[in-house]
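Data first, discussion second: the structure below is written as structure tokens.
The values are calculated or read from the model by the stated rules, or taken from the named source; none is laboratory data. If you're wondering where the values come from, they're calculated on a predicted model, not measured in any experiment. Cβ placement follows ideal geometry from the backbone for every residue including glycine, while neighbour counts extend to all protein chains displayed. Heavy atoms of the whole protein, side chains included, go into the accessibility calculation; ligands, DNA and RNA do not. Shrake-Rupley method; radii C 1.70, N 1.55, O 1.52, S 1.80 Å.
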Protein chains: 2
Amino acid sequence: MQTIDNFYLNATHMLLEPGPVVLVTTAYQGKYNIMALSFLTMLEQNQPFLLALVMGPWDYSYSALQKTGECVISIPTVDMASTVVEIGNCSGSDIDKFKKFNLTPLPAKEIKAPLISECLANIECQVTDTSLVKKYGLFILQTVNVWTDPDRKERRMLHHKGDGTFVVDGETINLKDKMVKWPEYL
Amino acid sequence: MQTIDNFYLNATHMLLEPGPVVLVTTAYQGKYNIMALSFLTMLEQNQPFLLALVMGPWDYSYSALQKTGECVISIPTVDMASTVVEIGNCSGSDIDKFKKFNLTPLPAKEIKAPLISECLANIECQVTDTSLVKKYGLFILQTVNVWTDPDRKERRMLHHKGDGTFVVDGETINLKDKMVKWPEYL
């Protein structure tokens with residue numbers, strides 16, 4: 001797992017804009033937790049890179065995120081599909097999910113929540129706006145550091161259809177030559 | 001294009017949770033417009049079905065959405081990839097995009113913004129919360145009607161990586177048997 005130079009922090013939106021299911025880690029009262037989530041969007045693709053993420057008070061991670069203001073967004077790939085669903089179908093209130101699913105926590109750089117070594121990428125985030133948390137569970141986060149595993153061979157992300165079925169990344173289409181209005185993102 | 005019975009309105013999250021690039025239509029001062037967008041997330045998957053969508057004041061659709069409080073979220077498929085990028089790289093301020101891209105507007109049921117006949121699905125939305133529009137361009141919307149084209153053969157959605165490259169839907173993995181905690185979504 002290598003940290004990405006700050007200059008390339010817009011790696012965040014290249015990772016998240018396609019809408020993958022993600023794993024979110026928190027550290028609260030000396031306890032790590034992980035949840036699976038796909039209610040997430042980029043909010044701002046220039047610095048500071050902002051995201052909006054949705055959790056509910058029924059999620060064990062909700063109060064950890066509220067209390068600590070920090071989380072890591074980890075991006076799993078197709079080989080981890082079963083693990084992702086199982087993580088989403090048990091609660092951190094009674095299980096150490098790192099242990100149960102044989103995942104390896106690694107120290108982040110700027111925050112206390114851990115990276116997941118087995119994932120394709122890890123994005124360290126800090127909560128910057130909680131004004132819509134009570135009403136919708138919507139947290140606004142700022143990306144503070146991004147890590148990737150450049151040696152990882154499997155790079156196909158998963159997209160949850162909400163019912164336990166997932167679409168896997170297929171072919172890539174390159175239409176950069178038509179991006180005439182947004183040359184700064186090429 | 002067929003409207004989906006209200007009972008199945010959670011079709012919304014089956015369509016949007018995977019994170020496709022979408023086309024957003026508006027109708028303002030007798031003029032239709034279309035923009036391409038992928039800063040979008042589900043917010044609430046029970047009734048009322050809520051979404052959060054991000055636009056900037058530099059988008060011509062931004063003021064139309066602000067003034068009318070209505071839009072249609074249309075979901076294009078892989079055969080429309082070039083059109084999607086071209087729609088995102090010109091402005092409705094000087095172009096009628098329906099005409100330019102040979103797209104067919106159809107009347108929606110609950111709102112004035114048009115459906116796009118050529119898309120896989122169309123979701124009629126009404127703005128319900130503008131409290132974070134000024135700060136982040138974040139509109140909160142409620143789904144009021146959903147349409148799909150059940151006869152459409154091409155159903156693979158596109159996921160924008162932010163730089164003019166798109167990942168196309170690949171295979172589907174079915175892990176419903178592991179969704180033990182959320183039987184209501186199976």
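Which of the following residues is within 13 Å of chain B (Cβ to nearest Cβ), touching a Lys or Arg at 6+ places or on another chain (Cβ under 8 Å), closer than 22 Å to A:Met55 by Cα and crowded, with 18+ Cβ neighbours inside 10 Å: A:Gly92, A:Gly137?
After applying the criteria, what remains is A:Gly92.
Being of a type in the set (A, V, I, L, M, F, W, C) and open to solvent by 30 Å² or more (accessible area, probe 1.4 Å) is the filter here, so list the residues in the stretch A:102-118 that pass it.
Of everything in the stretch A:102-118, just one residue is of a type in the set (A, V, I, L, M, F, W, C) and open to solvent by 30 Å² or more (accessible area, probe 1.4 Å), namely A:Leu106.
Which of the following residues is at pLDDT 95 or above and either over 16 Å from A:Glu124 (Cβ atoms) or outside any loop (DSSP other than H, G, I, E, B) (or both): A:Leu15, A:Leu43, A:Leu23?
A:Leu23
Does B:Ile116 fit the bill of being in contact with a strand residue (DSSP E or B) (Cβ under 9 Å, 6 or more places away or on another chain), closer than 15 Å to B:Leu65 by Cα and aliphatic (A, V, I, L, M)?
So B:Ile116 does not fit the description; no.
Tally the residues that are in contact (Cβ under 8 Å) with a residue 60 or more places away in the chain and within 14 Å of B:Ile140 (Cα to Cα), restricting the search to the stretch A:128-139.
5
Test B:Met157 against the criterion of being touching a helix residue (DSSP H, G or I) at 6+ places or on another chain (Cβ under 9 Å) and either open to solvent by 30 Å² or more (accessible area, probe 1.4 Å) or within 7 Å of chain A (Cβ to nearest Cβ) (or both), and give yes or no.
When the stated conditions are applied, B:Met157 does not pass them.
Which numbered condition in (1) surrounded by 18 or more Cβ atoms within 10 Å (Cβ to Cβ); (2) within 25 Å of A:Asp169 (Cβ to Cβ); (3) in contact (Cβ under 8 Å) with a residue 24 or more places away in the chain; (4) not acidic (Asp, Glu) is the only one that A:Thr83 fails?
Among (1) surrounded by 18 or more Cβ atoms within 10 Å (Cβ to Cβ); (2) within 25 Å of A:Asp169 (Cβ to Cβ); (3) in contact (Cβ under 8 Å) with a residue 24 or more places away in the chain; (4) not acidic (Asp, Glu), A:Thr83 violates only (3).
Let me confirm something: among A:Asp177, A:Asp163, which residue is more than 7 Å from every other protein chain (Cβ to nearest Cβ) and not in a strand (DSSP E or B)?
The unique qualifying residue is A:Asp177.
Determine, yes or no, whether B:Gly170 is at the interface with chain A (Cβ under 10 Å from one of its Cβ atoms), modelled with pLDDT of 95 or more and surrounded by fewer than 18 Cβ atoms within 10 Å (Cβ to Cβ).
yes
Which residues, taken from the stretch A:59-105, are touching a strand residue (DSSP E or B) at 6+ places or on another chain (Cβ under 9 Å) and on the phi > 0 side of the Ramachandran plot?
A:Gly69, the sole residue that qualifies.
Results for (1) within 14 Å of chain A (Cβ to nearest Cβ); (2) in contact with a Cys (Cβ under 8 Å, 6 or more places away or on another chain); (3) part of a loop (DSSP other than H, G, I, E, B); (4) within 28 Å of A:Met157 (Cα to Cα), shown as yes or no for each residue.
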residue: B:Lys99; (1), (2), (3), (4): no, no, no, no
residue: B:Leu103; (1), (2), (3), (4): no, no, yes, no
residue: B:Ile111; (1), (2), (3), (4): no, yes, yes, no
residue: B:Thr128; (1), (2), (3), (4): yes, no, no, no
residue: B:Lys153; (1), (2), (3), (4): no, no, yes, yes
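Being assigned to a strand (DSSP E or B) and either at pLDDT 95 or above or under 30 Å from B:Val133 (Cβ atoms) (or both) narrows it down to one of A:Ser63, A:Ser82, A:Ser74, so name that one.
A:Ser74
Yes/no matrix, rows are residues, columns are (1) within 12 Å of chain B (Cβ to nearest Cβ); (2) surrounded by fewer than 21 Cβ atoms within 10 Å (Cβ to Cβ); (3) farther than 21 Å from B:Gly162 by Cβ; (4) aromatic (Phe, Trp, Tyr):
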site	(1), (2), (3), (4)
A:Thr3	no, yes, no, no
A:Met14	yes, yes, no, no
A:Gly19	yes, no, no, no
A:Thr25	no, no, yes, no
A:Tyr28	no, yes, yes, yes
A:Met35	yes, no, yes, no
A:Lys67	no, yes, yes, no
A:Ile73	no, no, no, no
A:Pro76	no, no, no, no
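Mind checking which residues of the stretch B:131-186 are more than 18 Å from the chain's Cα centre (by Cα) and among the hydroxyl-bearing types (Ser, Thr, Tyr)?
B:Ser131, B:Tyr136, B:Thr165, B:Thr172, B:Tyr185
Quick one: count up the residues across the stretch B:38-63 that are closer than 24 Å to B:Asn89 by Cβ and open to solvent by 10 Å² or more (accessible area, probe 1.4 Å).
10
For the stretch A:119-134, give me each residue that is surrounded by fewer than 17 Cβ atoms within 10 Å (Cβ to Cβ) and charged (D, E, K, R).
A:Lys134
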